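Inspection log for the structure reproduced underneath, given as structure tokens.
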Amino acid sequence: MTTSSALPLVAVMGRPYVGKATRFNRIVGRRVAIGEERPGVTRDRKELEVEWLGRSFRLVDTGGWMPGGDQLDEKVSRQSEQAMAEADVVLLVVDGTVGVTEEDARVAELLRRGGDRPTFVVVNKIDSAQREGLIWEFLSLGLGDPLPLSALHGHHTGDLLDAVIAALPSDEELAAREAEAPEPTESSFVLDDDGRPWSGPPGDVPAVALIGRPNVGKSTLFNRLIGEDRAVVHDMPGTTRDTVDTIVETEEGPLRFVDTAGMRRRARVDEGTEYYSVVRALQAVADADVALLVIDGTVGVTHQDQRLAERVDAAGCPIVVVLNKWELLDQVDKSDVRHDVGEKLHFLGEAPVLSISALSGKGVGRLIPALGVAIDAYQRRVPTKKVNDVVQRAQQAHPAPGGARVLYATQGAAHPPTFTLFVNREVPRTWLRYLENQLREGLDLGATPVKLRVRKRN
């Protein structure tokens, strides 16, 4: 599914706990937004492309609009308001079983003052014909005739989409708007799996997953890298509930940055929402070309940081270690943290370790070149002759014990580099580790994981 910034935008808005995420998933046809019957689950904007009757548009799911709450609520509300300001069509989702609330009225007032863009009041939880009479109470919001809907069961979804595409700007209007738009700059970004300025296949865009424990600064770094406040940032663990991804044009080419939920110890993941957040984060790692392991420099390397690094390493994904909040440490503390990394993350080998301040931006510029090197090694394909030259030199310098020999070697896959070794007999694991290091050094693979597959030749 690709997304183009030239497509019209439809924003799903409303107060918390009315079923916006369920509605979003129903329209796009799969579970991409996390939905749970508890306010505040959706906090970041999630954007995907939708097609209905041959017409495509971008659909953005927002967090619940909760002005007047705490600091986090205000940030989530600002995300919703920004989505509304950019939208061509707005879907205001309300709960038909509850009726008009004060919050609904305040959102409606905001929408009425926000311009003349088409707005539909979508009355959710109308699960039967007997309940359809409940929708007329919402005429008092002053936004036109309400539309009944059951996001859970999908009732009236087609009617809603028919109304949406009828309200979208025409192709001529979109073309005129695009012609008037300023040319994209080097720092411009596009959303999801494809879009300007990138024109290649979606799978060709390398993915960079930002992972780490809660409250280490992943979302702050994500916002710094993409150049706008897209992920909600707050000093409370668990602020990011879902993965949020954005493609950015960099000096290394387009990169897709994926902000993930903070991952805690399994024993502490006791909420259904948080469980699915962790599942999404682990899936993002599995799909990534490189992972940025963000560590709180003021805390040092914790046991959970070690476990996360082990998981990423086992998945075959290269890692760039990022020590955040570096500006808060004195020289002694900095030395201790660097020693901590060497001791506790030694299994990562020569993985780059960069110290930054996501808040101020200091040191962040060094991340892109480091990511470029890691991705290049992760995707590299090596000619068979060069692979065998390295293997033969390694065997001459240090033959395998017991008369074991590698007769032939070839690279079977990339992402990560995977080599198949045809041998005359069983090869000890210790010697295979030696050969892995020789391949890494001889083929200039840096710290990227290397996989060896051994085949015994008859």
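The values are calculated or read from the model by the stated rules, or taken from the named source; none is laboratory data. Computed from a predicted model, the values in this text were never measured in an experiment. So basically every Cβ, Gly included, is an ideal-geometry build from the backbone, and we count neighbours across all protein chains shown.
With respect to Leu432, determine if the residue is of a type in the set (A, V, I, L, M, F, W, C), modelled with pLDDT of 90 or more, under 34 Å from the mean Cα position of the chain (by Cα) and within 26 Å of Ile375 (Cβ to Cβ). Spelling it out, it is not the case that Leu432 is of a type in the set (A, V, I, L, M, F, W, C), modelled with pLDDT of 90 or more, under 34 Å from the mean Cα position of the chain (by Cα) and within 26 Å of Ile375 (Cβ to Cβ). Which is among the small types (Gly, Ala, Ser), assigned by TED's automatic domain parsing to the domain that holds Asp296 and surrounded by fewer than 12 Cβ atoms within 10 Å (Cβ to Cβ), of Ala314, Ala351, Ala397? None of the other options fit; the residue is Ala314.
Scanning segment 53-105 for residues that are at pLDDT 75 or above and of a type outside the set (Ser, Thr, Tyr) yields a total of 28. Applying a threshold of 7 Å to beta carbon distances and a minimum spacing of six or more residues, or different chains, the list of pairs starting in segment 285-297 at a residue that is of a type in the set (A, V, I, L, M) and ending at one that is part of a loop (DSSP other than H, G, I, E, B) and at pLDDT 90 or above reads Ile295/Val301. For segment 434-458, a residue qualifies if it is closer than 22 Å to Gln396 by Cβ and assigned to a loop (DSSP other than H, G, I, E, B), and the qualifying residues are Leu443, Asp444, Leu445, Val450, Arg457. Of the residues making up segment 404-414, those that are under 34 Å from the mean Cα position of the chain (by Cα) and either of a type outside the set (Val, Ile, Thr) or part of a helix (DSSP H, G or I) (or both) number 4. If only residues of segment 415-429 that are surrounded by fewer than 19 Cβ atoms within 10 Å (Cβ to Cβ) and over 34 Å from the mean Cα position of the chain (by Cα) are counted, the one that is nearest to Leu371 (Cα to Cα) is Arg429. Selection of segment 339-348 for residues being surrounded by 14 or more Cβ atoms within 10 Å (Cβ to Cβ) and modelled with pLDDT of 90 or more yields Asp340, Val341, Lys344, Leu345. Of all residues in segment 349-365, exactly one satisfies the criterion of being under 18 Å from Asp296 (Cα atoms) and in a helix (DSSP H, G or I), namely Val364.
Cβ-Cβ distances below 9 Å connect the following pairs, each with a first residue in segment 120-141 that is assigned by TED's automatic domain parsing to the domain that holds Asp104 and at negative phi, a second residue that is at pLDDT 85 or above and of a type in the set (Phe, Trp, Tyr), and a separation of six or more residues or different chains: Val121/Phe138; Val123/Phe138.
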